[in-house]
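Peer 1: Below are the structure tokens for one structure; questions will follow.
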Amino acid sequence: MSALIKRFKHSLKKTVFPVCITHIETIIVDVPTIRPHHLSMTVMKKQSMVIIRLFSSDGIEGLGEATTIGGISYATEFPEGIKLAIDIYLAPLLIGQDPTKVNALMARLDRNISGNYFAKSGVEIALLDAQAKRLGVPVHCLFGGAISDTLPVLWTLASGDTDKDIQEAQELIQKKRHCVFKLKIGKKKPDEDVEHVSRIKEALGKDIKITVDVNQAWTERIAKTAIRKLQETGIDLIEQPLPKYNFEGLARLTSYFEIPLMADEALETVQDAFKLAKINAVSVFALKVSKAGGLTNVARQAAIAESAGVPLYGGTLLEGSIGTAAAAHIFSTLPNLDWGTELFAPLLLTDDIVKKNIIYKNFGLEIPQGKGLGIELDMNQVEKYKRK
Ligand code: MUC
Ligand code: MG
């Protein structure tokens with residue numbers, strides 16, 4: 001009898017003192033790229049990723065990643081700042097709290113910390129990974145489950161040299177790794193960019209889809225002339241031709257041209273999705289976990305897009321395997337991901353910091369199986385690439 005009472009008291013103790021977050025570790029890792037990656041605002045030779053390890057009193061570790069491009073040249077957040085923001089401001093708001101209440105914790109962060117979407121996103125990924133592990137399910141199950149076990153993945157040709165880009169594309173098509181390509185333009189004169197795009201389109205042929213990303217580099221006047229010429233090359237999609245704040249300019253171009261335009265940098269918050277949809281600013285939304293502030297916000301943006309009849313594209317900020325897996329989990333739940341994804345970044349890096357690499361085959365990736373994100377850190381590799 002007394003043994004029974006002891007067991008009962010023990011189980012009561014467990015429910016009275018719920019599991020709590022004990023500590024959060026942030027690590028910056030720098031991994032070289034396989035070749036220089038040329039964008040309109042920077043040339044990347046390495047990727048710097050903030051890895052987040054969130055520990056709880058039940059022994060479960062959640063993994064997260066917060067990654068941007070080119071230091072501080074692409075976004076308003078940057079690796080060193082993201083690490084500091086988490087260590088100094090986000091972590092103290094989380095330590096001692098119940099990690100199973102992910103929505104409540106994210107609301108707590110939003111109430112106390114403005115902006116800092118990349119940092120918040122990295123933390124939400126770690127909370128969701130931990131909670132899914134706790135429940136014994138993959139992260140996508142927390143969002144109603146994957147619609148598909150694989151996602152189509154394009155590749156970005158950005159070597160800075162047209163002939164090299166053509167050769168790279170031909171090799172990847174032959175290997176059945178990618179059959180859709182995105183070209184990074186906006187750095188050179190518009191006519192040189194059009195020439196570059198046109199040569200690649202001609203070399204790869206009509207069956208290979210081509211999209212171009214201008215990364216905000218044009219004024220509306222330049223865009224009008226350049227888009228007309230790009231449209232004539234037979235490409236399929238144009239991403240973020242104007243500065244991110246010019247929603248009305250995007251709407252004017254969208255109503256003027258037949259070729260679909262996609263919002264990338266213009267679409268950061270959930271509210272941006274609503275505003276862009278309301279004025280028919282673009283034909284496609286590029287969703288990205290980091291800029292949205294996490295997976296839940298991506299799902300909210302996707303719901304707005306679905307209601308407004310805007311198809312989706314699964315974007316990347318060139319995250320490593322943890323961030324890519326997180327994005328794959330949420331993108332796999334979206335019914336209107338008509339433009340596929342660009343979740344290729346682990347392949348752009350020379351090495352990885354996880355035990356089992358994400359599998360890429362048949363022009364796509366497999367959603368990692370297993371509990372949580374389905375990703376395990378390789379601590380020897382983390383040590384190797386950790387910023388000293
Ligand atoms: C961007 O602006 O789309 C995504 C793929 C790539 O090559 O660069 C990123 C950034
Ligand atoms: Mg883009």
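Peer 1: For the range 20-136, please report how many Lys pairs fall under 25 Å Cα to Cα, leaving out neighbours fewer than 8 apart on the same chain.
Peer 2: So the count of such lysine pairs works out to 9.
Peer 1: How big is the antiparallel share of DSSP beta bridges in the chain, given as a percent to the nearest 5?
Peer 2: About 55 percent, rounded to the nearest 5.
Peer 1: Rounded to two decimal places and with Rh computed the Kirkwood way over Cα pairs, what is Rg over Rh for the range 20-136?
Peer 2: When Rh is taken as the Kirkwood radius, the ratio is 1.02.
Peer 1: Name the residue, out of Ala203, Ala91, Ala281, whose mean-square fluctuation peaks in a Gaussian network model built on the chain with Cα pairs under 10 Å.
Peer 2: Per the Cα network of the chain with a 10 Å cutoff, Ala203 tops the list.
Peer 1: Using a Gaussian network for the chain with springs between C-alpha atoms less than 10 Å apart, which of these wobbles most: Leu373, Leu84, Leu318?
Peer 2: Leu84
Peer 1: On the full set of protein chains, 1.4 Å probe, figure out the accessible area of Phe274 and give it in Å² to the nearest 10.
Peer 2: 120 Å²
Peer 1: Let me ask you something else. From the helices alone, meaning DSSP H stretches of at least four residues, give me the mean residue ellipticity at 222 nm for the chain, per-run term -39500 (n - 2.57), in deg cm²/dmol to the nearest 500. Please list the in-between numbers first.
Peer 2: Details: 14 runs with 151 residues, N = 388.
Only helices count here, giving -11500 deg cm²/dmol.
Peer 1: Apply the a/c threshold of 1.5 to the C-alpha gyration tensor of the range 243-384 and tell me whether it is rounded, prolate or oblate.
Peer 2: Values: a/c = 2.27, a/b = 2.18, b/c = 1.04.
Prolate.
Peer 1: Now, a different point. Over the range 142-373, what per residue volume does the convex hull of the Cα atoms give, in whole Å³?
Peer 2: Details: hull volume 27.1 nm³, N = 232.
Once divided by residue count, the hull of the range 142-373 is 117 Å³.
Peer 1: If one takes the longest principal axis of the Cα atoms in the chain, at what angle in degrees, from 0 to 90 and to the nearest 10, does the Cα axis of helix 117-135 lie?
Peer 2: Between helix and principal axis, roughly 50 degrees.
Peer 1: Compute the angle between helix 220-232 and the longest alpha-carbon principal axis of the chain, please, reported from 0 to 90 degrees and rounded to the nearest 10.
Peer 2: Computed tilt is about 80 degrees.
Peer 1: Given charges of +1 on the Cβ of Lys and Arg and -1 on the Cβ of Asp and Glu, with all other atoms neutral, how large is the dipole of the range 20-136 about its Cα centre, in debye to the nearest 20?
Peer 2: The dipole of the range 20-136 has a size of about 200 debye.
Peer 1: Under a plain spin-label model, where a point goes 7 Å from the Cα along Cα-to-Cβ, how far apart in nm are Ala303 and Lys355?
Peer 2: Simple spin-label model gives 3.6 nm for this pair.
Peer 1: Right, another one. Against the longest principal axis of the chain, how steep is helix 247-256, in degrees 0 to 90 to the nearest 10, with axes from Cα atoms?
Peer 2: The angle comes out at about 50 degrees.
Peer 1: Taking N as the number of residues in the range 50-104, what value does Rg over Cα atoms divided by 2.2 N^0.38 Å take? Mind dumping the intermediate values first?
Peer 2: On the way: Rg = 13.0 Å, N = 55, 2.2 N^0.38 = 10.1 Å.
That ratio works out to 1.29.
Peer 1: Here's another thing I want to ask about it. How much of the calculated P(r) for the chain lies past 38 Å, in percent of all Cα pairs?
Peer 2: For the chain, the fraction of Cα-Cα distances above 38 Å is 19 percent.
Peer 1: Ignoring ligands, DNA and RNA, how do Asp149, Asp110, Asp98 rank by accessible area with a 1.4 Å probe, largest first?
Peer 2: Details: Asp149 110, Asp110 90, Asp98 30 Å².
Highest to lowest solvent-accessible surface, that is Asp149, Asp110, Asp98.
The values are calculated or read from the model by the stated rules, or taken from the named source; none is laboratory data. Because the structure is predicted, anything quoted here is derived from the model rather than measured. Glycine also receives a Cβ, built like all others from the backbone with ideal geometry; neighbour counts cover every protein chain displayed. Accessible surface is based on the protein model in full, side chains and every heavy atom, while ligands, DNA and RNA are left aside. Shrake-Rupley method; radii C 1.70, N 1.55, O 1.52, S 1.80 Å.
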